[in-house]
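The values are calculated or read from the model by the stated rules, or taken from the named source; none is laboratory data. Note that the coordinates shown come from a computational prediction; the quantities given were computed from them, not determined experimentally. Cβ atoms come from the backbone with ideal geometry, glycine included; neighbour counts cover every protein chain shown. Accessible surface areas use protein heavy atoms only, side chains included; no ligands, DNA or RNA. Shrake-Rupley method; radii C 1.70, N 1.55, O 1.52, S 1.80 Å.
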Amino acid sequence: TRSLLGVFEEDAAAISSYINQLFQAMHRMYDAQNELSAATHLTSKLLKEYEKQRFPLGGDDEVMTSTLQQFAKVIDELSSCHAVLSTQLADAMMFPITQFKERDLKEILTLKEVFQIASNDHDAAITRYSRLSKRKENEKIKAEVTEDVYTSRKKQHQTMMHYFCALNSLQYKKKISLLEPLLGYMQAQISFFKMGSENLTEQLEEFLTNIGTSVQNVRREMDCEVENMQQTIEDLEVASDPLYLPDPDPIKFPAHRNLTRKAGYLNTRNKTGLVSSSWERQFYFTQGGNLMSQARGDVAGGLVMDIDNCSVMAVDCEDRRYCFQITSFDGKKSSILQAESKKDYEEWICTINNISKQIYLSENPEEIAARVNQSALEAVTPSPSFQQRHESMRPAVQSRPPAARTSSAGSLGADSASLSALSFDSLVAPDTPIQFDIISPVSEDLPGQAKSSGQSGRRTNPFGESGGSKPETEDSILHQLFIVRFLGSMEVKSDESPDVVYETMRQILAARAIHNVFRMTESHLLVTCDCLKLIDPQTQVTRLQFPLPNVVLYATHQENKRLFGFVLRTSGGRVESRQTSICYIFESNNEGEKICDSVGLAKQIAFHAELDRKASEKQKEIDRVKEKQQKELNKQKQIEKDLEEQSRLIAASSRSNQSSTEGQFVVVSSSQSEDSDLGEDGKKKRESEA
């Protein structure tokens, strides 16, 4: 209804814009006619005053004066005709379009504002009603809030019906507002030229008569339609009066327990902290085996959860009534919702319970749902443990994840027509398969990911704390954790422009829509100064690890800030002799820009750390050179010191040889005997020492 209302409002805005332009054009015609009438009257007045003029070189010219008097009389008659034409244009042309512009269009705007205010008041009343405590109910407060909901809902409904009636009437008034001014303009012009154009009047008389008849017919049709709409409004007001209550009597309006489709507004709980949470009201509906939600103003709904083989149960939540919890078949995802009334509360539980049993796939779902009506009523009790359900309904694991080939015929999106095949081939490699799931490191290694012992089985603590061995990212000064869902990856030909990421997003989303792939793997993305890690949120096992230096490009979607991606440059691929680039696309919880900022910060920190490391290595090299030079200098000093000591010993030996001749003979003899024993090498050594 709101989508259809948006179309009518857009049409009303277009009518208003066009009528304003037409009004300005007709107003210019009216002003020009008034100016022509005034100018004609002034000309006639000046011609009459000619005889009163006293020209220095002109004499009395009775013929000229008489001629000008005749012209003045004719022009005066024309001035009167122009004045009558101006009056007719004001009444027949300007009055209808001015009345439509100032009365009807402003009435639409006023009703739109009143409808918006009534809608906001109704939302506020519903919010206050939803906050009523089920443990400490005050009958007076409950009666006031219920009356407020009744009044606001009735006001919104009545305002809505009058607003819709005005929008429908606008389609008829548009025709009248366009035809009546033109009809008045033509009739005024014909009346102006009627004296000299009787034949022309006869030719147009039939056409104008037909136009006048058409205007009367449209007016009568509009009156009949308005009368029917007023009667419909009165009937709807009488029939809808019991529905204004937020929680109708379950005896008068019993719950339907054999439904396989359901739609309506629900309050969903969103966690804002460790112990705090907020509630948001959205429109929910089931589509096959999926639970969808649609925010106000969105064109289409989004997937909330796959409710095939899910579990649903009533819960006590934050002092709110009519709350129930839906949990996926593997227990990894759950949502807590609040219904508006007990009737909706029971119908939602029964409907989801019927869908979880896949009753909607049968030929007669309502009959089968009626047979299992008793089991649907038992859905308000707690369900078995998630682990047991997961073990009993776990599907067979495929050896390889699903893949789809890109195709120009399978592309979706508003910009698909403007993207040529040449630009597509320059961004994405042709015949490139799309990876929709994360390959476990145990079964297959991704390109560019180094094999390490124990990598697939190691549990990673995202906060850098470890009781035993030291993790790789413990020394990193940056640890940021984000919740992401993997959409797909594919090889790209370029990694120099963000258009590569945008095009990859478009191709992956189009392929998911074509092949009906809705499941997404949720992971924790850990951003450090060394790498990006995808961690299993249940087991804390690292699924994938991307070295940060290999991440060469990252970007967020231009419109949908939940989508982001990055390009990983790896060695090897389909052609082993060159480097390849793989683009990975993820969906986050409105944190795409934060993740890109975090990756950019990590790369900056890593870049500065690399600069510091190189500077430190250079300084160490300089220190080693200085230390080596110092050792050489100390060694040279030691050699000089040894030479001085040997010189002193030789001098002392010479003095002792001079004091005793016999001692000299003995020394010479002994030295000769030593020389003979040492040989040629010993002699050279002794000579060098001397």
(Q) What distance in nm lies between label points placed 7 Å from Cα along the C-beta direction at Leu57 and Asn20? (A) 5.7 nm
Q) Taking a ≥ b ≥ c as the square roots of the eigenvalues of the Cα gyration tensor of the stretch 281-341, is the shape rounded (a/c under 1.5), prolate (a/b larger than b/c) or oblate? A) oblate
Q: In nm, give the distance between the simple-model label positions of Lys106 and Glu363, each being 7 Å from the Cα along the Cα-to-Cβ direction.
A: 6.5 nm
Q: Output the pairs from Lys134/Lys252; Lys493/Lys603; Lys134/Lys357; Lys533/Lys561; Lys533/Lys594 with a Cα-Cα distance over 27 Å in this structure; if there are none, say none.
A: Lys134/Lys357
Q: Report the FRET efficiency, 1/(1 + (r/R0)^6), for His27 and Val218, where r is their Cβ-Cβ distance and R0 is 22 Å, rounded to 0.05.
A: 0.35
Q. Taking only the alpha-carbon positions of the stretch 586-656 and ignoring solvent, what does the Debye formula give for the base-10 log of I(q)/I(0) at q = 0.14, 0.15, 0.22 Å⁻¹?
A. -0.72, -0.75, -0.94
Q) For Asp319 and Gln99, what does the FRET efficiency come to when R0 = 60 Å and r is the distance between their Cβ atoms, rounded to the nearest 0.05? A) 0.60
Q. How much length is gained if the chain between Asp249 and Phe285 is pulled fully straight, taking 0.36 nm per residue apart and subtracting their Cα-Cα distance, in nm to one decimal?
A. 10.6 nm
Q. Taking 0.36 nm per residue of separation and subtracting the Cα-Cα distance, what length does fully extending Arg655 through Glu144 add?
A. 171.0 nm
Q) Excluding same-chain residues fewer than 8 positions from Lys175, which lysines have a Cα within less than 24 Å of its Cα? A) Lys101, Lys106, Lys112
(Q) Between Arg578 and Val552, what is the label-point separation in nm under the 7 Å Cα-to-beta-carbon projection? (A) 1.2 nm
Q.
Per-residue counts of other Cβ atoms within 10 Å, averaged by peptide: what ranking do you get for 351-363, 279-291, highest first?
A. 351-363, 279-291
(Q) For Lys637, give me every one of the lysines with a C-alpha distance below 16 angstrom, ignoring sequence neighbours fewer than eight places off in its own chain. (A) Lys628
Q.
Please list, in order along the stretch 301-309, the HN-Hα scalar couplings obtained from phi with the Karplus expression 6.51 cos²θ - 1.76 cosθ + 1.60 (θ = phi - 60°), rounded to whole Hz, x for Gly and Pro.
A. x, x, 6, 9, 6, 7, 9, 5, 6
Q) Which FRET efficiency value, to the nearest 0.05, do you get for Glu593 and Glu9 by plugging their Cβ-Cβ distance into 1/(1 + (r/R0)^6) with R0 = 35 Å? A) 0.65
Q: Name the shape class, rounded, prolate or oblate, that the alpha-carbon gyration tensor gives for the stretch 1-200, where a ≥ b ≥ c are the square roots of its eigenvalues, rounded holds for a/c under 1.5, and otherwise prolate holds if a/b is larger than b/c and oblate otherwise.
A: prolate
Q. How about Lys48: which lysines have a C-alpha closer than 17 Å to its C-alpha, ignoring those fewer than 8 places off in the same chain?
A. Lys73
**Q.** Rounded accessible area of Ile434 (nearest 10 Å², 1.4 Å probe)
**A.** 0 Å²
